[in-house]
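Each remark here refers to the structure printed beneath this line.
What follows draws every value from the coordinates through simple rules; no lab data is involved. Just so it is clear, the structure is predicted and the values come from calculations on it, not from any experiment. Using ideal geometry, Cβ is built from the backbone for each residue, glycine included, and neighbour counts are taken over all protein chains shown.
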Amino acid sequence: MQNFVAPDNRKYPLFESVKEALDAFMSAYSSNTVERRRQRGWLFRGQANANWDLVPSAYRAPYDDDILRQRRKRTQEFIGALQRNAPRLGLDLTADREWMAVAQHYGFPTEFLDFSYNAEVAAYFATPSKDGEIGVLYCLNYAYAEELAIDHLPPLINEDLKCVPRIVSQEGVFLRCGPGSAPLLMETCTDRFYFRQRSTLA
């Protein structure tokens, strides 16, 4: 097996497909039910390009204070529209973080990073790329990180948003991250599985 030199300059095994990567860790990380997956505390994130940082969309380049204000304004306008139409849309949300989670899910710039309790969901989002490029699956045991009392661990947003079926079906959760959270997350996501993008799994 070949190695991949990650952005942190460490070498990691490079799997020949996302299927090989999943096969390598599913028995250790996977659980049969949603409830069991939540109890175990493993969070998964897939990225189609292994060189992308773990940075929320609000802070991605190009980024400065003016751009951040514009992004926040656009997101708040979307949330305002949702709140005005909440009864018609069947949205029964109260907390600001819940509205922000919906905005993140629908592609608006926020301080949230998407994760899932389901590794196969993360793998799905990791694969829309060109053949031969390198993707990555991140595995973070948030419950264990909390036990270790890691300083400045981004808060977990895991409300049960039953009124947003897509978030429920994707077992989606979010980490609320500042602009400098990437190094901490890279250290905390101790398990990473890099793979070659392929148009087929065969």
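If you go through the stretch 166-202 and keep only what is in a strand (DSSP E or B) and under 12 Å from the mean Cα position of the chain (by Cα), you end up with Gly172, Val173, Phe174, Leu175, Arg176.
Scanning the stretch 108-139 for residues that are surrounded by fewer than 22 Cβ atoms within 10 Å (Cβ to Cβ) and either closer than 13 Å to Arg40 by Cα or without any contact (Cβ under 8 Å) to a residue 24 or more places away in the chain (or both) yields Asn118, Cys139.
Would you check if Leu14 is touching a Leu at 6+ places or on another chain (Cβ under 6 Å) and either farther than 17 Å from Phe125 by Cβ or in a loop (DSSP other than H, G, I, E, B) (or both)? In short, no.
When Gly172 is tested against the conditions (1) of a type outside the set (A, V, I, L, M, F, W, C); (2) within 27 Å of Ile67 (Cβ to Cβ); (3) surrounded by fewer than 20 Cβ atoms within 10 Å (Cβ to Cβ), the lone failure is (3).
Results for (1) of a type outside the set (D, E, K, R); (2) surrounded by 16 or more Cβ atoms within 10 Å (Cβ to Cβ); (3) assigned to a helix (DSSP H, G or I); (4) without any contact (Cβ under 8 Å) to a residue 12 or more places away in the chain, shown as yes or no for each residue.
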residue	(1), (2), (3), (4)
Glu77	no, no, yes, yes
Gly80	yes, no, yes, yes
Arg88	no, no, yes, yes
Val102	yes, yes, yes, no
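Of all residues in the stretch 55-70, at least one satisfies being touching a residue at least 12 places away in the same chain (Cβ under 8 Å) and of a type in the set (A, V, I, L, M, F, W, C). Screening the stretch 104-133 for residues that are small (Gly, Ala, Ser) and part of a helix (DSSP H, G or I) and picking the one that is nearest to Phe174 (Cα to Cα) gives Ala122. Take the stretch 21-42 and flag every residue that is among the hydrophobic types (A, V, I, L, M, F, W, C) and either assigned to a helix (DSSP H, G or I) or exposed (fewer than 12 other Cβ atoms within 10 Å of the Cβ) (or both). Passing the criteria: Ala21, Leu22, Ala24, Phe25, Met26, Ala28, Val34.
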